[in-house]
Amino acid sequence: MAETIYRGYLINKYPYQIFDEVVTFLIGNGCRIACLSKGSRKISSKNARHLFLGAYTEFEIFQSRHDDKLSRLKKVTTIDPINWNYEILTSFNLLNECTLKANINRKTLFDFYHLNLELIVKKGYNEKLLILIILEQFINLLGHNLAVNYCIKCHNRKLKTVSFKDHGMLCNLCFDPQKDKYYELDVSKTIHYLFNREYDELNKYYQCFDFVIKLLHLYIDDNSGIKLQSLQNY
């Protein structure tokens, strides 16, 4: 096995056998590297003290010569630590899950993770707004979007409601009550400001946040097949 050194964020880990783990890192080009971490579930493990989700690390692996076998983690060192108690936050777990499940491998994935992790750490927004921000940016990352500044069918700017099946807003003329679902004005406004990234306008619609989280989760599932387990309580 050849030894290779990388730098990246730890975005996932799960137990394997009694004392081992499978860990996944996100490196700067947007690729994810999964490897077997032998013995890191032992209290005496030197690597264990550096394997915190969200930590930016330098890690060395024994590269597997076979595509069907995991590489093995040799050594990991923390470059930029993170408080372990972030793991109780839904927004933090959602960010890690989105990054793990995204069907892309390019630098934009690394940027998505890095920028949203900064938002979580800086605590500039409340928890539910952070979830909405991550979902909106994840939708964009996957190549989907909602047109929120004009009617998706006729480009009229006098809007009535959002249409997820049409991927945007509908005006009064294009809205068909026999075919289209109507969402309350505050829900449509929440989505409008969110997808325009006017985050400071959103807190006045806080009562809609839970419902909009559900809607965006469903939109992601319908359009990409990605089910987000970290949102199972929404």
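Laid out as a table, the results:
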quantity: Residue that is most open to solvent (accessible area, probe 1.4 Å), among those in the range 1-14 that are in contact (Cβ under 8 Å) with a residue 40 or more places away in the chain and closer than 14 Å to N96 by Cβ; calculated: K13
quantity: Test: residue in the range 156-167 that is closer than 24 Å to D111 by Cβ and in contact (Cβ under 8 Å) with a residue 40 or more places away in the chain; calculated: no
quantity: Residue that is among the aliphatic types (A, V, I, L, M) and buried (at least 16 other Cβ atoms within 10 Å of the Cβ), where the choices are L173, L228; calculated: L228
quantity: Whichever residue in the range 60-82 is open to solvent by 60 Å² or more (accessible area, probe 1.4 Å) and outside any strand (DSSP E or B) and, among such residues, is farthest from A34 (Cα to Cα); calculated: P81
quantity: Options I88, I18, I61, I79: the member that is free of Cβ contacts under 8 Å to residues at least 24 places away in the same chain and farther than 30 Å from N223 by Cβ; calculated: I18
quantity: Residues of the range 35-58 classified as part of a strand (DSSP E or B) and surrounded by 16 or more Cβ atoms within 10 Å (Cβ to Cβ), total; calculated: 5
quantity: Breaking point among (1) open to solvent by less than 50 Å² (accessible area, probe 1.4 Å); (2) hydroxyl-bearing (S, T, Y); (3) touching a strand residue (DSSP E or B) at 6+ places or on another chain (Cβ under 9 Å), for Y182; calculated: (1)
quantity: Check on H114, closer than 27 Å to G8 by Cβ and either at pLDDT 95 or above or not in a helix (DSSP H, G or I) (or both); calculated: yes
quantity: Sole exception among (1) in a helix (DSSP H, G or I); (2) at pLDDT below 95 for F92, by number; calculated: (2)
quantity: Residues satisfying the stated conditions in the range 96-155, i.e. open to solvent by 20 Å² or more (accessible area, probe 1.4 Å) and of a type in the set (F, W, Y); calculated: F110, Y125, Y150
quantity: First in the range 171-199 and without any contact (Cβ under 8 Å) to a residue 12 or more places away in the chain, second anywhere and buried (at least 18 other Cβ atoms within 10 Å of the Cβ) and part of a loop (DSSP other than H, G, I, E, B), Cβ under 8 Å, 6 or more apart; calculated: none
quantity: Single match in L115, L130 (criterion: free of Cβ contacts under 8 Å to residues at least 24 places away in the same chain and of a type in the set (A, V, I, L, M, F, W, C)); calculated: L115
quantity: Residue that is most open to solvent (accessible area, probe 1.4 Å), among those in the range 15-34 that are touching a Phe, Trp or Tyr at 6+ places or on another chain (Cβ under 8 Å) and either farther than 22 Å from K69 by Cα or not in a strand (DSSP E or B) (or both); calculated: N29
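Residue by residue, here is whether (1) basic (K, R); (2) part of a loop (DSSP other than H, G, I, E, B) holds:
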| position | (1), (2) |
| --- | --- |
| L119 | no, no |
| L129 | no, no |
| H144 | no, yes |
| V148 | no, no |
| R157 | yes, yes |
| K160 | yes, no |
| L173 | no, yes |
| K214 | yes, no |
| D221 | no, no |
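The values are calculated or read from the model by the stated rules, or taken from the named source; none is laboratory data. Every value quoted in this text rests on a predicted model; they were computed, and no experiment measured them. Positions of Cβ are backbone-derived with ideal geometry, glycine not excepted, and every protein chain shown enters the neighbour counts. To get the accessible areas, we keep the full protein, side chains included, count just its heavy atoms, and leave off ligands, DNA and RNA. Shrake-Rupley method; radii C 1.70, N 1.55, O 1.52, S 1.80 Å.
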